[in-house]
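The values are calculated or read from the model by the stated rules, or taken from the named source; none is laboratory data. In this text the structure is predicted, and so the values were computed from the model without any measurement. Cβ atoms come from the backbone with ideal geometry, glycine included; neighbour counts cover every protein chain shown. What goes into the accessible areas is simple: the full protein's heavy atoms, side chains included, and nothing from ligands, DNA or RNA. Shrake-Rupley method; radii C 1.70, N 1.55, O 1.52, S 1.80 Å.
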Amino acid sequence: MNAQISTHRATPHAPSALHFTQLLSATPRGARLARLLAVHQLTAWGWPPACPTAESAALVVAELAANAVTHGRVKGRGFRLTLAVAEADAGTLRIEVTDPRGDRAPQLPPPPPAPLAESGRGLLLVDAHATDWGTAPYPPSGKTVWACLPLI
């Protein structure tokens, strides 16, 4: 598994050639909007919706945003989506989803789901698509779950 826990704050990080960030409501609608905004932003940057990069990013954003809404929700607070392509590593897209529940970090590596379970596979999908992923604290009380995807 590629998962790791980092001890540094996830944002801000190295200056980016391409950078997008958006605060969203911690609702199912906000999670859906995060996925749509990610695909729209990648299209604006030159990766069409049907390319492997946009498809993988849409899946990873959908899973991380759904987890933020489901497990990281605090009443009255939203979550943040960040997409970045750093100048130093132009071959990698970094996706970050920050939520206010730092006390509920995902288990790394993700445990295998029960064979007949209807949930529990989201982070396995993130792990399959990302070259690297992990979590970082977001002081004072939140966390950032991040994933790096190859730009194809």
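Might you let me know whether the stretch 96-106 holds any residue that is without any contact (Cβ under 8 Å) to a residue 40 or more places away in the chain and over 14 Å from the mean Cα position of the chain (by Cα)?
Checking the stretch 96-106: at least one residue is without any contact (Cβ under 8 Å) to a residue 40 or more places away in the chain and over 14 Å from the mean Cα position of the chain (by Cα).
Mind listing whichever residues of the stretch 110-129 are surrounded by 14 or more Cβ atoms within 10 Å (Cβ to Cβ) and touching a residue at least 12 places away in the same chain (Cβ under 8 Å)? Please lay out each step first, then the result.
Narrowing the stretch 110-129 to residues surrounded by 14 or more Cβ atoms within 10 Å (Cβ to Cβ): 110, 113, 121-127, 129.
Listed by number, the residues that qualify are P110, G122, L123, L124, L125, V126, D127, H129.
Just to verify a result, which residue in the stretch 114-152, among those that are more than 19 Å from A68 (Cα to Cα), in a loop (DSSP other than H, G, I, E, B) and of a type outside the set (S, T, Y), is nearest to the chain's Cα centre (by Cα)?
L151
Across the stretch 130-147, which residue is farthest from R94 (Cα to Cα) among those that are of a type outside the set (A, V, I, L, M) and surrounded by 18 or more Cβ atoms within 10 Å (Cβ to Cβ)?
Keep residues of the stretch 130-147 that are of a type outside the set (A, V, I, L, M), which gives 131-135, 137-144, 146.
Then drop every residue that is not surrounded by 18 or more Cβ atoms within 10 Å (Cβ to Cβ), which leaves 133-135, 138, 142-144, 146.
On the way: W133: 9, G134: 11, T135: 13, Y138: 16, G142: 19, K143: 16, T144: 12, W146: 7 Å.
Here the answer is G142.
Could you grab me the full set of residues in the stretch 31-40 that are in contact with a strand residue (DSSP E or B) (Cβ under 7 Å, 6 or more places away or on another chain) and open to solvent by 50 Å² or more (accessible area, probe 1.4 Å)?
L33
Would you be able to tell me the number of residues in the stretch 41-55 that are open to solvent by 30 Å² or more (accessible area, probe 1.4 Å), in contact (Cβ under 8 Å) with a residue 12 or more places away in the chain and outside any loop (DSSP other than H, G, I, E, B)?
First, pick out the residues of the stretch 41-55 that are open to solvent by 30 Å² or more (accessible area, probe 1.4 Å): 41, 43-50, 52, 55.
Next cut, in contact (Cβ under 8 Å) with a residue 12 or more places away in the chain only: 41, 45, 47, 52.
Now narrow it down to the ones that are outside any loop (DSSP other than H, G, I, E, B): 41, 45, 52.
Summing the residues that are open to solvent by 30 Å² or more (accessible area, probe 1.4 Å), in contact (Cβ under 8 Å) with a residue 12 or more places away in the chain and outside any loop (DSSP other than H, G, I, E, B) in the stretch 41-55 gives 3.
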